[in-house]
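The values are calculated or read from the model by the stated rules, or taken from the named source; none is laboratory data. Please read all numbers here as calculations on a predicted model, not as lab measurements. Note that each Cβ is placed from the backbone with ideal geometry, even for glycine, and that neighbours are counted across all protein chains shown. For the accessible areas, the whole protein counts, side chains as well, though only heavy atoms, and no ligand, DNA or RNA atoms are used. Shrake-Rupley method; radii C 1.70, N 1.55, O 1.52, S 1.80 Å.
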Amino acid sequence: MIFSEVPQALADPILGLNDAFRADPRSDKVNLGVGIYKTEAGDTPVLDCVKQAEALLLQQESSKNYLGIDGVPAYNQAVLALLFGAEHTLCVNGRARAAQAPGGTGALRVAAEFIRNHTASRTVWISNPTWANHKNVFETAGLTVQEYRYYQAKDHSMDFAAMQADLAQAQPGDIVLLHGCCHNPTGIDPTQTQWQQIAQQCLQQQLVPLFDFAYQGFGAGIEEDAAGLRLMAETVPEMLIASSFSKNFGLYNERVGAVTLVAENRDTCERGFSQIKHTIRANYSNPPAHGALIVSTILHDETLRALWHSEVTQMRERIAAMRELFVASLSAAGVNQDFSFIARQNGMFSFSGLTTAQVARLRDEFGIYIVGSGRISVAGMTRENMPVICRAIAAVL
Ligand code: LMR
């Protein structure tokens, strides 16, 4: 017997909250834990562009034959164009290849195993704080995780000097995990000047950037949000990107993402990509088709693509409006503390500064679920639930 020795795993800090939320019998409970976009009515509907693409696929699909190991070719081509811009020299020169992967997490895992098994690199630097699953993914793949400072709690700003100082300790070949936009959980992104400095530091110290790019379009816009990543790609000879369409296409449960390898020349890229495919084959053989076919259909059709742009804009603008309303409603609920920084953060999350004890009280006494780090999903707020949320926060502060 071997299973009796297995210890209980801790609940996942984000997805574990969903289980607790579902089990909570209170009818006025509010889930602001996991990053899921909700409309003003509190739903997470299928985007119109997705529904239309699915109708086309239903008519046209003629086979459920396996995809290749790296997925749908037209999808991978669309991924590269979204990351770098259409017809980018990196793609024309064969320096970049994308492989479809099951979500951003699947892409991160493939990237991590590729690094661990096929390069001499063993260390990944992640920001403190970062997405709660990063450390888990990298350590499970056999890599060592180090942290660089990123956030300054006292004024809710980015501690850029500390980030640079910590990364100065990194060794040539070390991996640096960067959030392409809408840093999760802080919502604070580097400025363009800071991106230039990060890129120069990576170049000079021979560090390899690994971009986690899960919120393209939720910061300033589809093209704008890729600016840091594109600048990096112009500067360093090699990098990896784990991208996801869970949020910006609302395709959460279809698991649609990609792992992209950028190498110094075509030959190195082809060899590296062959090992990416080898890694995929050992994990899940080849990816599922439906989600990638949806994205590919939309991105290769001018009308559907324009509809997608407008739907992403709507989501982005609603979240921004909720940020403003959140700040105003906290003040209306009698909170004296300055929360204006929330309106300046990007993406789905607000890093509120609430303590673990306050987070526990919000859940236990008021049925409001947020992540233990104090991360609140602003994308789950509506005009209707806002007063309840703000009164509860006022009570626990
Ligand atoms: C989140 O951070 O809430 C999302 O990325 C969902 C997840 O898988 O954790």
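What ranking do 237-245, 271-279 get when scored by the average of other Cβ atoms within 10 Å per residue, highest first? Intermediate results must be reported in sequence, preceding the final value.
Working: 237-245: 24.2, 271-279: 17.9.
The most tightly packed comes first, giving 237-245, 271-279.
Output the antiparallel fraction of DSSP beta bridges having both residues in segment 66-300, as a percent to the nearest 5.
Details: 15 of 32 bridges.
For segment 66-300, the DSSP antiparallel bridge percentage is about 45.
Can you tell me the relative contact order of the chain? Whole percent, Cα pairs under 8 Å, sequence separation 6 or more.
Working: 712 pairs, mean separation 100.4, N = 397.
25 percent.
Scaled to the compact-protein estimate 2.2 N^0.38 Å, what is the alpha-carbon radius of gyration of segment 107-186, rounded to two decimal places? Write down the numbers at each step before the final one.
On the way: Rg = 12.9 Å, N = 80, 2.2 N^0.38 = 11.6 Å.
Ratio of Rg to 2.2 N^0.38 Å for segment 107-186: 1.11.
Counting other C-beta atoms within 10 Å, and keeping those with at most 14, which DSSP coil chymotrypsin sites (Phe, Trp or Tyr not before Pro) do you find in segment 1-68?
Working: sites: Phe3, Phe21, Tyr37, Tyr66; in loops: Tyr37, Tyr66.
Within segment 1-68, the qualifying chymotrypsin sites (Phe, Trp or Tyr not before Pro) (loop, at most 14 other Cβ atoms within 10 Å) are Tyr66.
For segment 1-129, how big is Rg over Rh, using alpha carbon atoms and the Kirkwood form of Rh?
On the way: Rg = 20.8 Å, Rh = 20.0 Å.
With Rh from the inverse mean 1/r over Cα pairs, Rg/Rh is 1.04.
Show me the trypsin sites (Lys or Arg not before Pro) within segment 48-146 that DSSP assigns to loop and that have at most 15 other Cβ atoms within 10 Å of their Cβ. List each step's numbers first, then the result.
On the way: sites: Lys51, Lys64, Arg95, Arg97, Arg109, Arg116, Arg122, Lys135; in loops: Lys64, Arg95, Arg122.
Hits after loop and neighbour filter: Lys64, Arg122.
Applying 1/(1 + (r/R0)^6) with R0 = 22 Å to the Cβ-Cβ distance of Gln171 and Gln200, what FRET efficiency is obtained, to the nearest 0.05? Intermediate results must be reported in sequence, preceding the final value.
On the way: r = 17 Å, r/R0 = 0.79.
Step by step, r from the Cβ atoms, then E = 0.80.
Need one number: nm distance between label points at His309 and Ala161, each 7 Å from Cα along Cα→Cβ, rounded to one decimal.
4.2 nm
Is the shape of segment 230-305 rounded, prolate or oblate, going by the alpha carbon gyration tensor and its root eigenvalues a ≥ b ≥ c, with a/c under 1.5 for rounded and a/b larger than b/c for prolate?
On the way: a/c = 2.21, a/b = 1.37, b/c = 1.61.
In terms of gyration-tensor shape, oblate.
Is there a quick way to get the dipole size of the chain? I mean about its Cα centre, with the Cβ of Lys and Arg at +1 and of Asp and Glu at -1; what is the value in debye to the nearest 20? Provide the component values of the computation, followed by the final result.
Details: 31 positive and 39 negative charges, 91 e Å.
With only Lys, Arg, Asp and Glu charged at Cβ, the dipole is about 440 debye.
Average the reciprocal distances over every distinct pair of alpha-carbons in segment 150-258, invert the result, and give the Kirkwood radius in Å. Spell out each step's value before the answer.
Numbers: mean 1/r = 0.0689 Å⁻¹.
So the Kirkwood estimate lands at 14.5 Å.
With helices defined as uninterrupted DSSP H runs, which ones in the chain have an alpha carbon span along their own long axis of at least 30 Å and mean Kyte-Doolittle hydropathy of at least -1.0?
On the way: long enough: 302-332 (44 Å, 0.01).
Within the chain the helices that satisfy the rule are 302-332.
Let me understand segment 297-366 better: what is its radius of gyration from the alpha carbons, and its Dmax, in angstrom?
17.2, 50
Subtracting the Cα-Cα distance from 0.36 nm times the residue separation, let me have the gained length for Glu264 to Ala81 in nm, one decimal. Intermediate results must be reported in sequence, preceding the final value.
Values: separation 183, 0.36 × 183 = 65.88 nm, distance 1.87 nm.
Result: 64.0 nm gained on full extension.
I need the fraction of alpha carbon pairs in the chain separated by more than 30 Å, rounded to a whole percent.
Details: 32566 of 78606 pairs.
Everything past 30 Å amounts to 41 percent.
Within segment 99-118, what residues put their amide N at less than 16 Å from the label point 7 Å along the Cα-to-Cβ vector of Ser274?
Output list for this probe position: 118.
Within the chain, what whole-number % of the accessible surface is contributed by carbon and sulfur, with the 1.4 Å probe and all protein chains included in the calculation? Working shown, then result.
Values: 9020 of 17630 Å².
Here carbon and sulfur together make up 51 percent of the probe-accessible area.
Would you mind checking the radius of gyration and Dmax of segment 75-120 based on alpha-carbon positions, in Å?
My reading of the Cα-based Rg and Dmax gives 12.1, 33 Å.
If I model segment 66-300 as equal point scatterers sitting on the Cα atoms and use the Debye formula, what is log10 I(q)/I(0) at q = 0.09, 0.13 Å⁻¹?
Summing over Cα pairs of segment 66-300 leads to -0.33, -0.71.
For an R0 of 22 angstrom, estimate the FRET efficiency from the Cβ-Cβ distance between Ala74 and Ala282 and round to the nearest 0.05. Show your work: numbers first, answer last.
Numbers: r = 25 Å, r/R0 = 1.15.
Here the calculated transfer efficiency is 0.30.
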